[in-house]
1. Using the Cα centre of the chain as origin and beta-carbon charges of +1 (Lys, Arg) and -1 (Asp, Glu), tell me which of N212, T152, L231 is placed farthest towards the positive end of the dipole.
2. Over the alpha-carbon set of the stretch 603-652, divide Rg by the Kirkwood Rh and report the Rg/Rh ratio to two decimals.
3. Could you work out the pair-distance distribution P(r) of the stretch 321-475 from its alpha-carbon pairs, with 5 angstrom bin width and percents rounded to whole numbers?
4. Please compute the Kirkwood hydrodynamic radius over the stretch 425-556, one decimal place, Å, based on all pairs of different Cα atoms.
5. When Rg is the radius of gyration of the Cα atoms in the stretch 127-216 and Rh is its Kirkwood radius, what does Rg/Rh come to?
6. Determine one quarter of the surface area of the Cα convex hull of the stretch 259-358, which equals its mean projected area, and express it in nm² to one decimal.
7. With respect to the cross-link table entries K246/K529; K233/K529; K181/K348; K181/K486, which display a Cα-Cα separation exceeding 18 Å?
8. Can you tell me what percent of all Cα-Cα pairs in the chain are more than 44 Å apart?
Amino acid sequence: MRDSRDRELGMHRRISRRDFLNGVAMTAGAAMMPWDLLASEKTVNPEKSATYYPPALTGMRGSHPGAFENAHSLRDGTFWDSAGKPENTGETYDLIIVGGGISGLSAAHFYRKAKGAKARILILDNHDDFGGHAKRNEFRINNTLRLCFGGTFSIESPAPYSTVAKGLVQELGIDVSSYSKYLDRKLYPSAGLRPKIFFDKETFGADKLVINPSPRGGGESEDAAATSTELLKQFVAEAPIADQAKLDLQRLHHEPKDYFPGLTSEQKKAKLARISYASFLRDIAGVHEDIIKMYQSLPHGLFGVGIDAVSAQDAWGFDLPGLDGMNLDPTPGKGMNRDAIPNAEAEKYFFHFPDGNASIARLLVRKLIPAAIPGSTSTDVVLAKANYAKLDDPSSPVRIRLNSTAVRVKHLGDPASANEVEVTYARGGKVYTATAKNSILACWHVVIPYICEDLPAKQKGALASAQKVPLLYTNVALRNWTAFQKVGCNSVYAPSMYHSYVNLDLPVSMGGYEFPRKPEEPIVVHMMKAACSPGHPAREQHSIGRMELYTTSFETMERNIRDQLARTLGPGGFDPARDIAAITVNRWPHGYAYEYNSLFDSFWLEGGETPCEVARQPFGRIAIANADAGAYAYTDEAMNQAYRAVSEITKA
Ligand SMILES: Cc1cc2nc3c(=O)[nH]c(=O)nc-3n(C[C@H](O)[C@H](O)[C@H](O)COP(=O)(O)OP(=O)(O)OC[C@H]3O[C@@H](n4cnc5c(N)ncnc54)[C@H](O)[C@@H]3O)c2cc1C
């Protein structure tokens, strides 16, 4: 059975999906470990090869094979057993930054502004590409270039960008207010495409694609419309949910009720902050279980967990149904997640490059190492081809060394009086050291206790609590999008499928890059999965999900992707064996920064020091950045924290 279904899905088709390691296809025997491969002659300086170009790789990307093994072996206490004696590079810098994401790149930029363009900076990153989560995916389909984002999607934030972050965006030449020039807002609606919900037969008894009466909760496209009575009627007529669930849905939308009469607004918010939205719906509003199943995955795009782990107060902030009659005053309640606090000014500050915020990373790299990214404007960067051979060039004051995992960062002497920091890193199967006057750790906070052993225990505990949110950002290159047109939809919320959101790419044309306007043209479909385990506290869900993502094979993911697209778009004539040209799974077991949650973090409700404040304390000549340092999963925070970290080491 499996074989014939696999054939239908096209599992046998030769698409570009091999795992690559540091720019080199893994054609060697399966028993060969990444460490051995890295040690081989061919891969000592892979970035210098003319064919080294990570954005065009497909298959398992994000935390790709070869990127995480050293860090995991450090965590498991086995790294130093086989590492050998570090080799001294003899290199010395003003600053060594660990982490080449937006925070690390911004830190280099701010440091140069403070200390001058001659300041010598080394940036280390364990991945084969720079940008951290802000990664670029490229596809060639029938000789047509298609771009997509492998992680960080856009300039957006629930709160307005700070002066620092706005200033940096401006310095990079990005005119956020010009965005409407590039986006073809009308393309999908004018072709009759709308957001829909996919109900699956395992959960709801039938595979069915139904109009989404109120698209929200992340992943929806620009043309998302507010709930209207007409859409709700249409939805109720078509959705394969119980009759009682349909009645309950109409009640939630059209019969506002105060479920806590007699309490003040503040008391109600305090109660809502302590119960999940799922409990609110089930135990207080008393709705049918089908409604809970339908809403379960709605917050995946924002938090990576479902409504079992999102408070009812936050659900009120998101305007989810059932809370309109509670007569809550509009000011944010204590313990609300910042994502749930609406802000009109922030909502206007939105900008999406065709490769997401990878363009921001690329603009930063261009500022730091002009030879690596040709061009001069914030829009010509879209098609500029990065020259990876120039990233780590001895003649440049700033160097970016990819495929390099920092494994130890320590002061040479007493942290209170030392003049230098030594950074040890693993690369190509060897271990090296370099020194600097200062170091900024712009990497994931959970890694820091393992690489910076001298930190105080309390700070290590706080760093370790920043359990990142595990996610898949999957991009599927299709030969055309006629099936989407036939089923009349451009985005799908799929509450119980492997990926909870499926979206046709945002129609943005910029800097010479043209978005496909005709359904017959190749396109990239973006799919999002939150790896969560409903019923557990959020951090536990993240830890279980992280393990799931590291242990699931690409083959399994591919089968799930093909199956989901076939079932969703089959009625539109979609044939996964014929229509899929390539698949890139951007696996992010360490994805969004953990954001505090009133259901699980009492300090967030009751006040007091937050773990990120403890975690980001400077330590001698070492400062700590990354979006984790603000417990806020946004680009502006990555920049803000970089600025603070640089200020700490430059103020002396
Ligand atoms: C899938 C996804 C989508 C997102 N979408 C958005 C969005 O649309 N808008 C938005 O504002 N934000 C978004 N974010 C949040 C995103 O995390 C931030 O915007 C920002 O890109 C974070 O930058 P950073 O530099 O703090 O961290 P990262 O981008 O994670 O960079 C840190 C880097 O440090 C590296 N590192 C870790 N340990 C070591 C080590 N020991 N040695 C060397 N290097 C190391 C990591 O591998 C990584 O490359 C998204 C995040 C994810 C995962």
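1. Comparing the listed Cα positions along the dipole, T152 ranks first.
2. Details: Rg = 11.6 Å, Rh = 11.4 Å.
A ratio of 1.02.
3. Each 5 Å bin holds this share of Cα pairs: 1, 7, 10, 12, 13, 14, 13, 12, 8, 5, 3, 2, 0, 0.
4. Working: mean 1/r = 0.0527 Å⁻¹.
Result for the stretch 425-556, one decimal place: 19.0 Å.
5. Values: Rg = 18.7 Å, Rh = 17.6 Å.
Result: Rg/Rh = 1.07.
6. Numbers: hull surface 30.1 nm².
Over all viewing directions, the stretch 259-358 projects a mean Cα-hull area of 7.5 nm².
7. Working: K246/K529 27 Å; K233/K529 29 Å; K181/K348 14 Å; K181/K486 28 Å.
As for pairs spanning more than 18 Å Cα to Cα, those are K246/K529; K233/K529; K181/K486.
8. Numbers: 40828 of 212226 pairs.
In whole percent, the share of Cα-Cα pairs in the chain beyond 44 Å is 19.
Only the coordinates and a few stated rules stand behind these numbers; no lab work does. The shown structure was predicted, so the numbers you read here are calculated from the model rather than taken from an experiment. Methodologically, a virtual Cβ is constructed for each residue, glycine included, from the backbone with ideal geometry; neighbour enumeration extends over all protein chains shown.
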